[in-house]
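The values are calculated or read from the model by the stated rules, or taken from the named source; none is laboratory data. Because the structure is predicted, anything quoted here is derived from the model rather than measured. Cβ sites come from the backbone with ideal geometry, for glycine too, and all protein chains shown count toward neighbours.
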Amino acid sequence: MSEFNTKFPEGFLWGGATAANQIEGAYQEGGKGLSLADVLPGGKVRVNVLSQTGFNFEMDKSKYVYPNHDAIDFYHHYKEDIALFAEMGFKAYRMSIAWSRIFPKGDEIVPNEEGLAFYDRVFDELNKYGIEPVVTISHFEMPLHLIKAYGGWRNREVISFFERYAKTVFNRYKNKVKYWLTFNEINSATYFPLSGLGFSADSEETLLQDSFQGLHHQFVASSLAVKAGHEIIPDSQIGCMLVYFPVYSIDSNPVNVLHAIKEEQISNYICGDVQVRGEYPTFAKRFFKENGINLNIHEGDLELLKQYPVDFISFSYYMSLTEKKEKTAEEKVTGNHFSGVKNPFLRQSEWGWQIDPIGLRISLNQLYDRYRVPLFVVENGLGAYDKIEEDGTINDDYRIEYLREHVRAMGEAIEDGVDLIGYTSWGCIDLVSFSTGEMSKRYGYIYVDRHDDGSGTLERKKKKSFFWYKNVIATNGEQI
Ligand code: BG6
């Protein structure tokens, strides 16, 4: 524990974050339809499925495990889990709604009442403890039918299905939810179109064209959601959600510096500029031209984007990216969606993600300088192997150290003048890793007895970090 003099603003939204497909389980209960996440196998093969072309969206239970089917069974444990969040003092809980619980196939006219009722129960339970829900409308789990029958977000028709879904949840939960996020990590889509846009690229050649067309459809859908959200819930706050990382040049060679700037523009700012400034940035024109991307933009689209930008920016931050123009295959390192090269000044997690708390302060400054809208860190955390000691304790000091340095970085950014409204660290309760499908890549303050092979009692246990975070919240970040 260390004293920290920076004051977080009154009402700062401390809490934790999850996504429906990574915690709920009950994949065929309550009338839920299949989603993308239900057909993703667990284990090492998952990264290949996510990043390569030609996935057929079929399950093969004789060959693979499907960890999202049962996950940590939040569907039946939500009361117990929310009580634990409340015990830590959460002010906010970021979660997502599974689209296929509300519209099992995605293209129905009438929503599934059982699905809607489930989230009523969850929001009521949060409300009981005064925890503010922050709800992602779409987090990597498009209804499978929309993928198979329509080709995912490449198809413009999907916009109207999403709009109906968004209006349905706004109307249903208008008295229960004020903070909404449209698409999780929208800018990861061109790297992982499967999770972001619901299609597996036919070939490398068509990847960029299809991804940016799909993204354009999501931009339009997001603006329509902002429009509807403000009409239905006048005091709602609707944000975009980016995976954000500052891009450093490996050295001061201007060739590499320019390369890093370009990477940052394309990866971070195309989506941010469209969703916050309401227009495609000037540099996009050249990028599209040089990459043979021809967007089919309908009449009225650009006006809509301009008229309905988001109210705030939420983003995930796990690592920075270090870039070099010419890099060999051996020089590449792994990371969250994006790779880059090794930064000699940074340590790495057990999964090779480069740990960089100062990078969070840099990110907050960059985003605030560029956009001048409130910021919300809605994911950050350390995926690590945890060990249960003989006395039953879990001493995750490595996680506390990681989180402490990132909380410190946020405090510094607030001192820098950044308008930061909240922090929901990722995987506040252990959950299924998105990129690997592993349970053993744990992020939680709460341990869940469930393992990569699907075994385990699902018992919940408090880790050392549980008590640390409880105190951080209780002191509004004065003791970290
Ligand atoms: C983000 C996603 O990219 O990173 C989450 O929004 C994901 O869904 C998180 O779980 C951590 O990544 P991973 O691969 O360790 O689960």
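Overview of values
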{"quantity": "Matching residues in region 25-39 - criterion: being more than 13 Å from the ligand (Cβ to nearest atom), at negative phi and not in a strand (DSSP E or B)", "calculated": "27, 28, 29, 32, 33, 34, 38, 39"}
{"quantity": "Pairs, first aromatic (Phe, Trp, Tyr) in region 389-402, second modelled with pLDDT of 95 or more and part of a loop (DSSP other than H, G, I, E, B), C-beta under 8 Å, six or more apart", "calculated": "398/382; 402/381; 402/382"}
{"quantity": "Options 330, 326: the member that is at pLDDT below 95 and in a helix (DSSP H, G or I)", "calculated": "330"}
{"quantity": "Selection count where residues are away from the ligand (no atom under 16 Å from the Cβ) and surrounded by fewer than 24 Cβ atoms within 10 Å (Cβ to Cβ), scope region 421-446", "calculated": "1"}
{"quantity": "Pair list, Cβ < 6 Å and 6+ apart or interchain, from region 423-441 residues that are more than 22 Å from residue 196 (Cβ to Cβ) to residues that are away from the ligand (no atom under 11 Å from the Cβ) and charged (D, E, K, R)", "calculated": "429/81; 439/450; 439/452; 440/452"}
{"quantity": "Candidates 249, 222, filtered to the one that is under 19 Å from the mean Cα position of the chain (by Cα) and not charged (D, E, K, R)", "calculated": "222"}
{"quantity": "Subset of region 311-338 [over 17 Å from the mean Cα position of the chain (by Cα) and more than 16 Å from the ligand (Cβ to nearest atom)]", "calculated": "311, 322, 323, 324, 325, 326, 327, 328, 329, 330, 331, 332"}
{"quantity": "First in region 222-244 and under 27 Å from residue 360 (Cβ atoms) and within 16 Å of the ligand (Cβ to nearest atom), second anywhere and modelled with pLDDT under 95 and in a loop (DSSP other than H, G, I, E, B), Cβ under 6 Å, 6 or more apart", "calculated": "243/337"}
{"quantity": "Top-ranked residue of region 174-191 - restricted to ones that are in contact with a helix residue (DSSP H, G or I) (Cβ under 6 Å, 6 or more places away or on another chain) and surrounded by fewer than 21 Cβ atoms within 10 Å (Cβ to Cβ), ranked as farthest from residue 19 (Cα to Cα)", "calculated": "174"}
{"quantity": "Lone qualifier among 185, 132 - being touching a strand residue (DSSP E or B) at 6+ places or on another chain (Cβ under 9 Å) and within 16 Å of the ligand (Cβ to nearest atom)", "calculated": "185"}
{"quantity": "All positions within region 137-160 that are assigned to a helix (DSSP H, G or I) and either out of contact with any Gly (no Cβ under 9 Å at 6 or more places or on another chain) or modelled with pLDDT under 95 (or both)", "calculated": "148, 159, 160"}
{"quantity": "Those residues of region 358-397 which are closer than 19 Å to residue 319 by Cβ, assigned to a loop (DSSP other than H, G, I, E, B) and small (Gly, Ala, Ser), in sequence order", "calculated": "381, 383"}
{"quantity": "Selection within region 395-420 - farther than 23 Å from residue 82 by Cα and within 16 Å of the ligand (Cβ to nearest atom)", "calculated": "398, 402, 406"}
{"quantity": "Residues that are among the polar types (S, T, N, Q), over 19 Å from the mean Cα position of the chain (by Cα) and not in a loop (DSSP other than H, G, I, E, B), drawn from region 339-357", "calculated": "348"}
{"quantity": "Extreme residue, nearest to the ligand (Cβ to nearest atom), among residues of region 135-161 that are polar (S, T, N, Q) and touching a strand residue (DSSP E or B) at 6+ places or on another chain (Cβ under 6 Å)", "calculated": "136"}
{"quantity": "Filtered residue count, region 32-44, keeping only those that are out of contact with any Pro (no Cβ under 6 Å at 6 or more places or on another chain), modelled with pLDDT of 90 or more and surrounded by fewer than 23 Cβ atoms within 10 Å (Cβ to Cβ)", "calculated": "4"}
{"quantity": "In region 315-332, the residues that are among the hydrophobic types (A, V, I, L, M, F, W, C) and closer than 16 Å to residue 266 by Cβ", "calculated": "321"}
{"quantity": "Qualifying residue in region 463-479 (condition: within 16 Å of the ligand (Cβ to nearest atom) and modelled with pLDDT of 95 or more)", "calculated": "no"}
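Residue-by-condition table, conditions (1) small (Gly, Ala, Ser); (2) part of a helix (DSSP H, G or I); (3) under 19 Å from residue 20 (Cα atoms):
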| position | (1), (2), (3) |
| --- | --- |
| 424 | no, no, yes |
| 431 | no, no, yes |
| 438 | no, no, yes |
| 451 | no, no, yes |
| 457 | no, no, no |
| 472 | no, yes, no |
